Amino acid sequence: MGSLRRHVACSVVCVAIASSIWPAIAGELGFPFDRELMLDAAPMRGSKRVPILEIAANGAASIDLWCNSVRGKANVGDGSITIMPESAVAGQCAPEQRSVDENLLAALVQVTNWRRRGDVIELIGTTTLRFRLVTN
């Protein structure tokens, strides 16, 4: 009878530990809505700016490119994503920055899937774009 109690007690402890860990694991697997995602890239020469993407739970998207900023909509599902830019706020950009902005925006529009690995979010389309959660 004593070993049965130990077995039941051990099972209860294991269930308690597993149930306390599961929300943290599930949170790491879901899309990080309302969080800033920074493109995994070095700043362009002569600038400290790196593109940042933020998608709200309601689908509103904010995209800060190398020079310009764009507002839009995003549809995020289990592993799927579409990004649709709507309006842009143009900054004073050099032709090189304008070209890089256009290329990045085109790559974001072609994204169809996403995957999360810890603090890294990969947006997958014709090009895979790696973003990192901003943690400061």
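Things worth noting here:
- Test: residue in segment 86-96 that is under 20 Å from M38 (Cβ atoms), more than 15 Å from the chain's Cα centre (by Cα) and modelled with pLDDT of 95 or more: no
- Checking each residue in segment 106-116 for being more than 10 Å from the chain's Cα centre (by Cα) and not in a loop (DSSP other than H, G, I, E, B) picks out A106, A107, L108, V109, N113.
- Selected residue (criterion: nearest to G30 (Cα to Cα)) from residues of segment 52-94 that are among the small types (G, A, S) and touching a Leu at 6+ places or on another chain (Cβ under 8 Å): A61
- Test result for W114, in contact with a helix residue (DSSP H, G or I) (Cβ under 8 Å, 6 or more places away or on another chain) and crowded, with 16+ Cβ neighbours inside 10 Å: no
- Filter result for L65 (of a type outside the set (K, R), modelled with pLDDT of 85 or more and surrounded by 10 or more Cβ atoms within 10 Å (Cβ to Cβ)): yes
- Looking only at segment 92-105, and only at residues there that are under 11 Å from L65 (Cβ atoms) and of a type in the set (A, V, I, L, M), the one that is surrounded by the fewest Cβ atoms within 10 Å (Cβ to Cβ): V100
- Residue satisfying condition, being acidic (D, E), more than 17 Å from E122 (Cβ to Cβ) and not in a helix (DSSP H, G or I), within set D34, D101: D34
- Summed over segment 42-80, residues that are part of a loop (DSSP other than H, G, I, E, B) and either within 23 Å of R98 (Cβ to Cβ) or more than 17 Å from the chain's Cα centre (by Cα) (or both) total 14.
- Residue selection: I55 satisfies the criterion of being closer than 16 Å to R35 by Cα, among the β-branched types (V, I, T) and either modelled with pLDDT under 95 or surrounded by 14 or more Cβ atoms within 10 Å (Cβ to Cβ) (or both).
- Residue within segment 81-91 that is assigned to a loop (DSSP other than H, G, I, E, B) and surrounded by 15 or more Cβ atoms within 10 Å (Cβ to Cβ) present: yes
- Residues that are small (G, A, S) and farther than 16 Å from L29 by Cα within segment 104-136 comprise A106, A107, G125, listed in sequence order.
The values are calculated or read from the model by the stated rules, or taken from the named source; none is laboratory data. What you see is a predicted model, and the numbers here were worked out from it, not measured in a lab. Positions of Cβ are generated from backbone atoms using ideal geometry, with glycine treated the same way; all protein chains shown enter the neighbour counts.
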